[in-house]
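Each value in this text was obtained by applying a stated rule to the coordinates, not by laboratory testing. Please read all numbers here as calculations on a predicted model, not as lab measurements. No Cβ is skipped: glycine too gets one built from the backbone with ideal geometry, and neighbour counts run over all protein chains shown.
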Amino acid sequence: MSLEMAALEVRRLDKPGWYAVGGVAGLGLNVSPTGQGRSWVLRTTINGTRRAIGLGPYPEISLAVAREKAREMREQIRQGIDPIATKRELRRQRMADAIKAVTFGEAAARYIDAHGPSWRNAKHRAQWGSSLAQHAAILTPLNVSHIETAHVVAALQPIWQTRTETASRVRGRIESVLDWATVQGLRAGENPARWRGHLDHLLPAPNKVKRVEHHRALPYAELSAFMQRLKEVSGMGVKALEFAILTAARSGEVRGAVWSEIDFKASAWNVPANRMKAGRPHRVPLSEQAMALLAALPRLDGTDLIFWAPRGGQLSDMTLTAVLRRIGVDATVHGFRSTFRDWAAERTAYPREIAESALAHVNGDRVESAYLRTDHFERRAKLMQEWAKFAHSSKGIVAIAPIQEKVAV
């Protein structure tokens, strides 16, 4: 064989071993022990160490191409570059890029999977996913590392002035997903969805766009007459509304209440943390009137729900609202919490923190809250008894439309 083999000579090499093919020092064809596999190998020295560099399989890589690749390798070595280390770095970088090639939609799903168990209920989890899918759809297919301010603004602008509250929530959720992606190493740099010092220069403040509409509340002076009217209608929705008023609780807390939460001995309703807005357990003192209401309620086999729908399951929020509409009262169920708060402030001498605790409002002062070790249960019990007595007193006038018919809700 000549010092520099021709392509035909190389093709005939089929016995196991390594064969120098010439043309470039150290270039050879390696034939596997079985004689079935053949590949190009460049034998050389890098920084004083003997190395064997694979250049690819034969015949996929031809003799001419193998010699060209071998010359490039030797030139790199001459320049002080380690081609093996360079190859490894390129492979590592390709793998890293593949890992980072996560879309915003995928990142959002992974964020929800990671944080979903800590959220209050399945409804909140569903709202998270649906709000991003609907209002951040233009971000969904984008690589999370490529999302910039312009993308975020484009997603928010269509609803910023018409559905401001929703848009504000979506912005916060986008920010959370992108923060998560940064910590995961999927993106770098500032969060383009951050508000302060960034989007606040591009979008008007939510409170300047739309006036906050508070829940319509019945004046407390009209409450007792309303309660008298409430007795003229029947149904589980009526009882749930009355219980919500007597306890100053939120609609969802009442509709999800179960018998196992009621401590009849202590006249208390123990609402678990996962059903409270603040994510903290809340002990509600029950007045004599509230206890009597519970005692008179029928129980349904197969459910622990206190207030159940005619076909079983939990009452809907609209069930309680429907009661108000039938009576003709321009108020919301949630508004009765404001009615209670106004009454407590203007008609009682109880400190502010007692009324706020009755509403399960979180103390905004973190230092004060950290040192507070009581839930004021005994004082709240007295307050709620006074509230129930006021609600069922014979005083008060309310201008509401006459009831045209009995309604079972």
**Request:** Kindly identify the stretch 230-334 as rounded, prolate or oblate by the Cα gyration tensor criterion: order the square roots of the eigenvalues as a ≥ b ≥ c, call it rounded if a/c is under 1.5, otherwise compare a/b with b/c, prolate if a/b is larger, else oblate.
**Result:** rounded
**Message:** Using alpha carbons only, how many angstrom separate the centre of the stretch 107-163 from the centre of the stretch 239-314?
**Reply:** 34 Å
**Request:** Give the dimensionless ratio obtained when the Cα radius of gyration of the chain is divided by 2.2 N^0.38 Å.
**Result:** 1.69
**Request:** Go ahead and run the numbers for FRET between ALA205 and GLN79, Cβ-Cβ distance against an R0 of 45 Å, rounding to 0.05.
**Result:** 0.20
**Complete:** extent check for the stretch 104-209: Cα max minus min per principal axis, descending, whole Å, gives 35, 31, 22
**Request:** With θ set to phi - 60°, apply the Karplus curve 6.51 cos²θ - 1.76 cosθ + 1.60 along the stretch 222-235 and write out the HN-Hα couplings as whole Hz, x wherever there is a Gly or Pro.
**Result:** 9, 5, 4, 5, 5, 5, 5, 5, 4, 5, 7, 10, 10, x
**Asked** For SER32, what is the net charge nearby, where nearby means another residue's Cβ is under 11 Å from its Cβ and Lys, Arg count +1, Asp, Glu -1?
**Response** +1
**Asked** What ranking, highest mean first, results for peptides 81-90, 326-335, 296-305 when packing means the other Cβ atoms within 10 Å averaged over each residue?
**Response** 326-335, 81-90, 296-305
**Prompt:** How long is the stretch 32-158 along each principal axis, judged by its Cα atoms, biggest number first, in Å?
**Reply:** 64, 37, 29
**Request:** Per DSSP H run of n ≥ 4, the term is -39500 (n - 2.57); total these for the chain, divide by its residue number, and report the mean residue ellipticity at 222 nm rounded to 500 deg cm²/dmol.
**Result:** -13500 deg cm²/dmol
**Item:** Phi to ³J(HN,Hα) by Karplus 6.51 cos²θ - 1.76 cosθ + 1.60 over the stretch 38-47, Hz, x for Gly, Pro
**Value:** 10, 8, 8, 9, 9, 8, 8, 10, 10, 6
**Asked** If amide H atoms are built 1.01 Å from N in the plane of the peptide, which residues on other chains or at least 5 residues away come under 5 Å of the amide H of ALA268?
**Response** ASP263, LEU286
**Message:** Can I get the semi-axes of the stretch 7-99's equivalent ellipsoid? Compute them from the C-alpha gyration tensor as square roots of 5 times the eigenvalues, in angstrom, largest first.
**Reply:** 25, 17, 12
**Asked** Around ALA331, which amide H atoms from residues at least 5 apart in sequence, or from another chain, sit under 5 Å from its own amide H, with H modelled in the peptide plane?
**Response** none
**Item:** Along principal axes, Cα extents of the stretch 259-301, largest first, whole Å
**Value:** 31, 25, 16
